[in-house]
1. May I ask you to list the residues in the range 52-111 that are part of a helix (DSSP H, G or I), among the small types (Gly, Ala, Ser) and touching a strand residue (DSSP E or B) at 6+ places or on another chain (Cβ under 7 Å)?
2. For the range 206-254, which fully contained strands (runs of 3 or more DSSP E) count at least 3 residues that are buried (at least 24 other Cβ atoms within 10 Å of the Cβ) and either on the phi > 0 side of the Ramachandran plot or not assigned by TED's automatic domain parsing to the domain that holds Phe356 (or both)?
3. Among the residues of the range 51-75, write down those that are touching a residue at least 12 places away in the same chain (Cβ under 8 Å), acidic (Asp, Glu) and surrounded by fewer than 19 Cβ atoms within 10 Å (Cβ to Cβ).
4. Can you tell me how many residues within the range 80-116 are over 19 Å from His203 (Cβ atoms) and hydroxyl-bearing (Ser, Thr, Tyr)?
5. Quick one: which of Glu48, Glu100 is of a type in the set (D, E, K, R), buried (at least 17 other Cβ atoms within 10 Å of the Cβ) and more than 30 Å from Val141 (Cα to Cα)?
6. If you scan the range 178-205, which residues turn out to be more than 21 Å from the chain's Cα centre (by Cα), under 13 Å from Ala144 (Cβ atoms) and outside any strand (DSSP E or B)?
7. Quick check: is even one residue across the range 357-366 more than 14 Å from Ala35 (Cβ to Cβ), touching a residue at least 12 places away in the same chain (Cβ under 8 Å) and touching a helix residue (DSSP H, G or I) at 6+ places or on another chain (Cβ under 8 Å)?
Amino acid sequence: MNVMVIGRGGREHSIVQKLSESDRVETIFAVPGNAGMESEADRVVIDESDRDALVDFARQNEVDLTIVGPEQALLDGVVDAFQNAGLSIFGPTQAAAKIEGSKRYAKEIMHNWSIPTGAYQAFSQLDPALAYIEDVGAPIVIKADGLAAGKGVVVAESVSEAKRAAEDMLIHGQFGEASREIVIEEFLEGEEYSLMAFVHEDHVYPMLPAKDHKRAFDQDKGPNTGGMGAFAPVPGLSHADIEHDVQTILQPAAEALLAEGHGFTGILYAGLIATDQGAKVIEFNARFGDPETQVVLPLLDNDLTKVIEAVMDGRNPGLSWKDRYCGGVVVASTGYPGSYDKGVALPDLSSANGNFVHAGTETDGGKYVSAGGRVLLAEATADRLPDAFKAIYQSLAVFDDTPAFFYRKDIGPSASLPASFAMKKNID
């Protein structure tokens, strides 16, 4: 097979790494990819939004399967363009991807289909938004309606902070077109986790749950980011817990999209929170999560190409998982998620003795340099989660004397870890 992966980040590098394990795959094209993918894939300089060029390349190079990583490409309609050209592509159509592209739309789906989530209101004008905040009080959550690279969320601890966030988004255009409308949500208390699933119309096949860490700094301080680290599976979540989440959240969401004429094929991601009333939805995404993918795919026993082909054909892929833990910690450019420098040389990774999943790197003079806010992720698997993170932090020591980069030092070990994890090895 020739397989093309659209995207340039850590999620896509993890997909490329998993594909490289398959004896069915002859060539992997990473479009446009990053420097870390060059040992496993052929990089192709085409922008993710250039649908016509992507279609032409896939046709000319006899690409058998295309996997879409980034959400913007989905919302730009790349899947529709490939389908219209008769090419095989894994991901939702533009209409189905709206469940991520508009938080208001996602909330409407959840409300109409009785999917558990927090109370909310959507606003495009500031005055009614301020009145709602004043009426509900704090803590409260302010979200840009559209895509904001994981940064368009403010968890406001006070009414004044919430009002300021609403004004920044609606009046000052903090996130551009994405914040022309905002969603103001009830603040939910509990432990957050992510549950991704392979989906084809009303067929839902869950992966292992993962725990993401969104805040930039230790002890969950600082602004929200696209994710500073993750681990999987989540200790304490049983197979019965995951099955309940599938039946009350992921399955109804898939059925809702199908009923609306936007049948979903691809990866449906539910950002969940375990509350006193049970799991509730914080957000839906229409693709592999980042950095959750980097800690879930290494635990998958199956050949990823066979899984995707089965799902697209409406067959049960028979997912099988390693009975281990996987963790990952992100190295970011100092200043992220705000402004930061690019082109900064990375330390020598060859002496770090770890697996690095690249996100924002390029090469200059044969050496890796930074090219984004999240630069790379150090990943490890082990029988015990603390052992995985011990190995990760040992490999990250090469960054300790480089002020241009930072990473959180409290991911994983701060979690409550039981002696064993109850999820069964096979999920049907």
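The values are calculated or read from the model by the stated rules, or taken from the named source; none is laboratory data. Computed from a predicted model, the values in this text were never measured in an experiment. Note that we place each Cβ from the backbone using ideal geometry, even for glycine, and neighbour counts take in every protein chain shown.
1. Residues satisfying the conditions are Ala58, Ala73, Ala106.
2. 229-232
3. Result: Asp52, Glu62, Asp64.
4. 3
5. Going through Glu48, Glu100 in turn, the sole match is Glu48.
6. Arg180, Glu181
7. Looking through the range 357-366, none of the residues is more than 14 Å from Ala35 (Cβ to Cβ), touching a residue at least 12 places away in the same chain (Cβ under 8 Å) and touching a helix residue (DSSP H, G or I) at 6+ places or on another chain (Cβ under 8 Å).
Here's the yes/no breakdown for (1) surrounded by fewer than 23 Cβ atoms within 10 Å (Cβ to Cβ); (2) within 30 Å of Gly146 (Cβ to Cβ); (3) touching a residue at least 24 places away in the same chain (Cβ under 8 Å):
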{"position": "Lys306", "(1), (2), (3)": "yes, no, yes"}
{"position": "Ala310", "(1), (2), (3)": "yes, no, no"}
{"position": "Asn355", "(1), (2), (3)": "yes, no, yes"}
{"position": "Leu377", "(1), (2), (3)": "no, yes, yes"}
